[in-house]
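Novice: Attaching a single structure in C-alpha cells format; questions to follow.
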Amino acid sequence: MAAISISEQAQGGSIPFDIDKSAAVISNDPAKIYEEYRYLRKECPLIHTSQYGGYWLLTRYDDVKRAALDSETYISSVRAVVPSDPRGIRRPPLNFDAPAHTPFRTALERTVKPARLRRLREPLQRHAEAELAPLLARGRGDISAEFAANFVARMESEWLNLEPDVAPKLAITAASWLNAWRMQDGETVTTNSQKMYQIAQELLADRRIHPRDPEEDPASSLLLERDAEGHPLKEEHLIGCLRQSLVVGVVAPPILIGSICNHLSKDKELQNRLREDESLIPAALEEFLRLYSPYRGFARTTSKEVCLHGKTIHPKEPITLCYTAANRDPEVFENPDKFILHRENIASHMGFGRGRHRCAGMPLARLALDIVLRVILRDTKDFEVDGELQYSRMPELGIISCPMRFVE
C-alpha cells in the first residue's frame with residue numbers, strides 16, 4: 001500500500017495538517033515534497049514550522065515574487081538561508097542588503113558579461129569532455145557526484161582564474177563542506193570552510209599585487225569597487241565574497257544536472273529529440289530550471305510586521321521564499337508538473353530567484369548547463385539511471401547522486 005502524505009490525510013479529514021511532520025520540511029524526496037507544496041499552495045500559502053529553529057514558508061508564485069522584489073520589507077542581512085550557517089557567519093553579497101550589497105553584486109556581474117562568456121565556452125567544453133571521458137570509458141558513473149562535481153570545480157577555477165591544480169582540491173573540499181552543512185556538522189563545516197578561506201585569501205593577496213582586467217577576474221573586479229561612502233571594501237568582506245563565490249557555483253549545478261539526466265532517462269523520446277536537434281537545448285534548459293529548481297528557496301526576515309493570509313510575521317522571523325513551490329504554481333504555469341518544451345511563459349520561472357538577490361552568476365550557470373547537456377548528448381547514443389538515487393537535504397532539493405549507464 002502506498003504511503004499517504006500528511007496533506008492527503010488532512011484533505012481526507014482524518015487528522016489536522018501538521019507542518020512539522022510534512023515532507024515539505026522533513027523529507028528529502030522531491031516527489032513527496034512537491035506533493036506537500038501542492039497542498040500548501042492551495043490551503044496554507046503562509047505557514048510556520050518549528051523545524052530548524054522556526055521559520056515561515058511562502059509557497060504561492062505571486063506571494064514569493066512580490067516578497068523577492070520588495071527588498072525594503074523582506075531583508076537578507078539577518079537570515080538568508082534556512083537552515084543557516086551553524087556558526088552564524090554572514091558573507092556578501094548573499095547576507096547583505098543595499099547599499100552594502102550593491103558593490104559586491106556589481107563586481108561579480110561585471111565578470112559574466114557576454115564577451116567573457118564567449119571566451120569561457122571553449123575551456124569549459126574541454127573540461128566537460130575531459131570529466132565525462134572516464135565515465136564513458138567505464139560505461140557507467142555518477143553524473144552528479146562524480147562528473148558534475150568535478151566539472152563545476154573546473155568551472156569555478158576558470159571563472160576565478162585559479163591555478164589548475166586548485167580545481168581537484170576545491171572539488172573535494174567543497175563536497176566535504178557541503179555534506180557537513182547539510183548535516184549541520186559545525187566542526188567539519190569550519191574545517192573545510194577554512195581551506196576555502198585560504199584559497200580566497202591567497203587569491204586576493206595576489207590580485208592586490210598583480211591586478212587583472214576587472215571584466216575577466218572577480219577578485220580584481222571586487223578590488224575596484226567602493227562602498228556607499230566611497231571607501232575601499234573591507235578586507236574581510238572581500239575575502240568573504242570570494243569564499244562565498246567558491247561555493248555557490250558548486251552546489252546547485254550538480255543537483256540540476258542529476259535531475260535533468262534522470263528526467264531524460266525516463267523520457268527517451270525527449271532525450272533523442274534533443275540529441276538530434278541541439279537548437280532545442282536552450283529552451284529545454286529553461287523548462288528544466290523551472291521544473292527542477294535546485295534550491296527549495298532562500299530566506300528573508302521582515303523589517304516590520306507583515307500581515308499576510310490572515311497571519312502576522314514579526315520582524316526578524318525567517319521566512320523562506322519557496323521558489324520550487326512557486327515554479328509549480330498552477331495559477332501561473334499550466335500543467336505545472338509536466339515538462340513542456342517552449343512553454344509560452346517560461347521566462348516567468350524563478351529558478352534563479354528574483355529581485356536584488358537573483359543569482360549573480362546566472363549567465364555563467366546557463367552557459368555551463370548548456371555545455372554540459374550538449375557534451376553528454378553528443379558523446380552518447382543513450383543513457384539511463386543505473387542505481388539508487390540519493391537526494392539532497394535542506395536547503396537544496398534534488399538529486400546529489402545519480403548513477404548512470406552510458407551507451408556510446
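Novice: Using the Kirkwood radius over C-alpha pairs as Rh, can you work out the diffusion coefficient of region 45-407 via Stokes-Einstein at 4 °C, viscosity 1.567 mPa s, in µm² per second?
Specialist: After rounding, the answer is 61 µm²/s.
Novice: What do you get for Rg/Rh of region 271-408 when both radii come from the Cα atoms and Rh is the Kirkwood radius?
Specialist: 1.04
Novice: Please name whichever of Cys241, Trp177, Thr188 sits farthest to the positive end of the charge dipole of the chain, dipole taken about the Cα centre and charges placed at Cβ: Lys and Arg +1, Asp and Glu -1.
Specialist: Cys241
Novice: What's the exposure ranking of Met183, Met350, going from fewest to most Cβ atoms within 10 Å?
Specialist: Ranking Met183, Met350 by Cβ neighbours within 10 Å, fewest first, gives Met183, Met350.
Novice: Let me ask something else. With r defined as the distance between the Cβ atoms of Arg140 and Asp206 and R0 fixed at 45 Å, what FRET efficiency is calculated, to the nearest 0.05?
Specialist: 0.65
Novice: For Cys402, Cys241, which order do you get if you count the other beta carbons within 10 Å of each Cβ and list the fewest first?
Specialist: Cys241, Cys402
Novice: Now a separate question. Suppose we keep just the DSSP beta bridges with both residues in the chain; what percent of those would be antiparallel, to 5?
Specialist: 90 percent
Novice: May I ask for the distance between the Cα centers of region 56-115 and region 257-310, given as a whole number of Å?
Specialist: Distance between centres, Cα-based: 20 Å.
Novice: Next question, about the same structure. Note the per residue figure in Å³ for the convex hull of the C-alpha positions in region 38-156.
Specialist: Roughly 187 Å³ of hull volume per residue.
Novice: Does region 184-334 classify as rounded, prolate or oblate by the C-alpha gyration tensor (a ≥ b ≥ c root eigenvalues; a/c under 1.5 gives rounded; else a/b over b/c gives prolate, otherwise oblate)?
Specialist: oblate
Novice: Here's something else I'd like to know. Where is the GNM fluctuation largest for the chain (alpha-carbon springs, 10 angstrom cutoff): His210, His349, His263?
Specialist: His210
Novice: Which of Ile399, Ile376 has the fewest other C-beta atoms within 10 Å, and how do the rest follow up to the most?
Specialist: Ile376, Ile399
Novice: Among Ile260, Ala368, Leu389, which residue has its Cα positioned farthest towards the positive end of the charge dipole of the chain, with +1 placed on the Cβ of Lys and Arg, -1 on the Cβ of Asp and Glu, and the dipole taken about the Cα centre?
Specialist: Ala368
Novice: At 0.36 nm per residue, and after removing the present C-alpha to C-alpha distance, how many nm does the segment from Glu109 to Cys307 gain when stretched out fully?
Specialist: In short, 67.8 nm is gained.
Novice: What's the extension gain from Glu334 to Glu129 if we count 0.36 nm per residue and subtract their Cα-Cα distance?
Specialist: Working it through step by step, the gained length comes to 70.2 nm.
Novice: To continue, here is another question. Given R₀ = 45 Å, FRET efficiency for Asp386-Asp62 by Cβ-Cβ distance, to 0.05?
Specialist: 0.65
Novice: Let me ask something else. Span-like helices, the chain: DSSP H, alpha-carbon axial extent 30 Å or more, mean Kyte-Doolittle 0.0 or greater, which ones?
Specialist: Within the chain the helices that satisfy the rule are 235-266.
Novice: Shifting gears a bit: For the chain, what is the mean residue ellipticity at 222 nm derived from helices alone (per DSSP H run of n ≥ 4: -39500 (n - 2.57); sum divided by total residues; nearest 500 deg cm²/dmol)?
Specialist: -15500 deg cm²/dmol
Novice: Under 18 Å from a point 7 Å along the Cα-to-Cβ line of Lys316: which residues of region 41-68 have their amide N that close?
Specialist: Counting only backbone N, you get 53-56.
Novice: Next up: Is there a pair in Lys65/Lys169; Lys32/Lys304; Lys316/Lys338; Lys65/Lys234; Lys32/Lys169; Lys21/Lys42 whose C-alpha atoms are over 26 Å apart, and which pairs would that be?
Specialist: The pairs that break the limit, which is 26 Å between Cα atoms, are Lys65/Lys169; Lys32/Lys304; Lys316/Lys338; Lys65/Lys234; Lys32/Lys169.
Since every read-out is calculated from the coordinates, none of them should be taken as a lab result. Please read all numbers here as calculations on a predicted model, not as lab measurements. In this analysis, Cβ positions are derived from the backbone assuming ideal geometry, glycine residues included, and neighbour counts consider all displayed protein chains.
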